[in-house]
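The values are calculated or read from the model by the stated rules, or taken from the named source; none is laboratory data. From a predicted model like this one, the values you see are computed outputs, not experimental measurements. Ideal geometry is used to build each Cβ from the backbone, glycine not excepted, and the neighbour counts take in all protein chains shown.
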Amino acid sequence: MDMLRALLGEPPRRNEGILADTMEAMDKTIKLLRKEMELHQDPSHDFRKLEIWIFGLVSSLDELEQCKYAANYFRRKVTHDYLEDMPPAEKNDYARYVYFYKDGFIRVFSILDKLGTVLNELFDLKTSKVKAHFSYFTVLRQFRYLKVHPELANDLFAIKDRHKEAMSVLRRRRNTEIHYMNAEMQDDLWQRHQGLNNKLELEDLDKNLDDLEHGYRMVCETLHTVFVYTNQRWKKVKQIQRLDIK
């Protein structure tokens, strides 16, 4: 549901590229789970649980893309470099940009951690024995610790490394936002240290959005890789089971 574009008077999104491919891969996994439930009734509810979790990932990815779009939309309405120079309408647009930018980078890590829970269940990684409250990155290390699914693990580490610099920035901002102070206020505080009488210059909005784009692409690429691998593995397992029956 493309709610934000509707509120902004924009045309609905057409899924293309990596987003379309990722949504398609997750949808295929959900269909495989449903087929399994139809065949075996799922008495332990394990397949139903995975179906709900993956539905949650689909919704979360949709919401992340919308936040990214809205942050870019309101950034284009900000033309001044200093908050004090902005007319009231532009200050409101800047505040909206900040809201959706922050919501976006928080969602990046939220989705990855939800995926970590799904991966732990799908591949029985027993990550909770390592850490009770684990992140996606803890799960990723668990693949190599257990020496399982090396092809998938190598692909996921390559994606992580490809977006490493931007993700490091986003992680610091996320931690600041959640544990210390509003991320944009940290920029203001640093500037106040430089000179108490100076006007506050805005942070680099385009750099922020470029980092968020990297975070979004990392999420898409990671989800796509996981669910394409899952679907292919599922197909191989079913083929082996049919051969065993024969």
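Answer with yes or no whether GLU84 is part of a helix (DSSP H, G or I) and touching a His at 6+ places or on another chain (Cβ under 8 Å). Judged against the criteria, GLU84 is not a match. Would you check if there is a residue in segment 55-70 being closer than 18 Å to LEU119 by Cβ, modelled with pLDDT under 95 and in contact with a helix residue (DSSP H, G or I) (Cβ under 9 Å, 6 or more places away or on another chain)? No, that holds for no residue. Residue-level check: of (1) within 22 Å of ASP46 (Cα to Cα); (2) within 21 Å of the chain's Cα centre (by Cα), ALA132 misses just (2). Out of everything in segment 37-52 that is outside any helix (DSSP H, G or I) and loosely packed, with under 15 Cβ neighbours inside 10 Å, what residue ends up being modelled with the lowest pLDDT? Only one residue fits best here, namely PRO43. Report yes if VAL118 is closer than 18 Å to GLU221 by Cα and among the hydrophobic types (A, V, I, L, M, F, W, C), otherwise no. When the stated conditions are applied, VAL118 passes them.
For the residues GLY116, GLY56, the requirement of being over 18 Å from LEU202 (Cβ atoms), of a type in the set (Gly, Ala, Ser), surrounded by fewer than 19 Cβ atoms within 10 Å (Cβ to Cβ) and without any contact (Cβ under 8 Å) to a residue 60 or more places away in the chain singles out GLY56.
The set of residues from segment 9-36 being aliphatic (A, V, I, L, M) and either closer than 17 Å to GLN232 by Cβ or surrounded by 15 or more Cβ atoms within 10 Å (Cβ to Cβ) (or both) comprises ILE18, LEU19, MET23, ALA25, MET26, ILE30, LEU32, LEU33.
Let's see how each residue does on (1) within 21 Å of GLY56 (Cβ to Cβ); (2) at pLDDT 55 or above; (3) crowded, with 17+ Cβ neighbours inside 10 Å:
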| residue | (1), (2), (3) |
| --- | --- |
| ASN197 | no, no, no |
| HIS214 | no, yes, yes |
| VAL219 | yes, yes, yes |
| HIS224 | yes, yes, yes |
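Contact map, segment 137-152: residues that are over 20 Å from VAL228 (Cβ atoms) paired with residues that are basic (Lys, Arg) and outside any loop (DSSP other than H, G, I, E, B), Cβ distance under 8 Å, separation 6+ or inter-chain. Pairs shown: PHE137/LYS160. Among the residues of segment 119-136, just one is acidic (Asp, Glu) and free of Cβ contacts under 8 Å to residues at least 12 places away in the same chain, namely ASP124.
With the structure loaded, tell me whether PHE137 is touching a Gly at 6+ places or on another chain (Cβ under 9 Å), surrounded by fewer than 18 Cβ atoms within 10 Å (Cβ to Cβ) and modelled with pLDDT of 95 or more or whether it fails that test. Yes; evaluated as a whole, the condition is true for this residue.
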